[in-house]
Structure formats: C-alpha cells, structure tokens
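Everything on this sheet refers to the single structure shown next.
The values are calculated or read from the model by the stated rules, or taken from the named source; none is laboratory data. Here the structure is a predicted model, which means the values were calculated and not measured. Cβ placement follows ideal geometry from the backbone for every residue including glycine, while neighbour counts extend to all protein chains displayed.
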C-alpha cells in the first residue's frame, strides 16, 4: 500500500462528507489506505492528585472505546464493505498537531477534514486549529464543505 490519506473524523454528519471525499480520492489514486482519525481534546498538563489521575485515566480509556464503537469502527466497516482499505485511530490531545503527527508517522500524502459540523473535531478545528493545520501541516490539507 503506497498511498495513504488521513481523514479527520468528528462523529457528526460531516464525517460522511469527509469520507465520501476521501473515497473519491482513493478511487483516483488506486492502491490507497484511508486512515480515519478521531481526536479527543486532552491536555496532559493538568496537575491533579494520584486519585484524580486514576479516574482521568479510566475516563480516557472509556472515551477511546466510545469513539471506536460509535464513530470509527462503523465507518471503517462501511469502507471495507465498499472495497476500501481503511483503519481507525483515536488520539488524545490537540487536534491539528495530532492529525499532522499521524500523517507524518504514517507517511500519508494528504489530510482531509470537513469545514463545518455539529461539533467535535471540526468545530474545534475551524478556529485557530484549522488555520494552524492548514499553514503548518507536513502534507497537503483538503478542507471540504
């Protein structure tokens, strides 16, 4: 698998639009893997007690499982049924930084995100995070409507 596209997911209707666009690109490319990425905003720089950290860790694991079950796994399953190579990744942290980091780590050729949504990743993205992603990403970024 030579070509890879990172697809920013947020769990809303924009996820369908962004995956539809990415599917079109993958068809044009041919042998291409779609890497669906769901980022949960998370700051590691909060000072807490050991008990609070344990609860926080448990909550983090629950959020990962929820994102996989409700957003990524269904989307990946649909893509695979349609004949696409796809997998899902959940990350915690800053959206723009992590989408770019996944693209670099995976040696992806492009990042695709949606312009608007009911909330989640793109709502966060289309403020200063989107500008940061578009201006600083290591690969081209396509922002769709």
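Some points to look at:
- Counted residues, the range 62-117 - those being out of contact with any strand residue (DSSP E or B) (no Cβ under 8 Å at 6 or more places or on another chain), over 22 Å from residue 133 (Cβ atoms) and not in a helix (DSSP H, G or I): 2
- Pairs with Cβ under 6 Å, 6+ apart, first in the range 38-65 and at pLDDT below 75, second assigned to a loop (DSSP other than H, G, I, E, B): 42/93
- From the list 8, 15, the lone residue that is part of a helix (DSSP H, G or I), in contact (Cβ under 8 Å) with a residue 12 or more places away in the chain, within 17 Å of the chain's Cα centre (by Cα) and under 16 Å from residue 144 (Cβ atoms) is 15.
- Only a single criterion out of (1) modelled with pLDDT of 95 or more; (2) over 17 Å from residue 17 (Cα atoms); (3) surrounded by fewer than 18 Cβ atoms within 10 Å (Cβ to Cβ); (4) out of contact with any helix residue (DSSP H, G or I) (no Cβ under 8 Å at 6 or more places or on another chain) is not satisfied by residue 87, namely (4).
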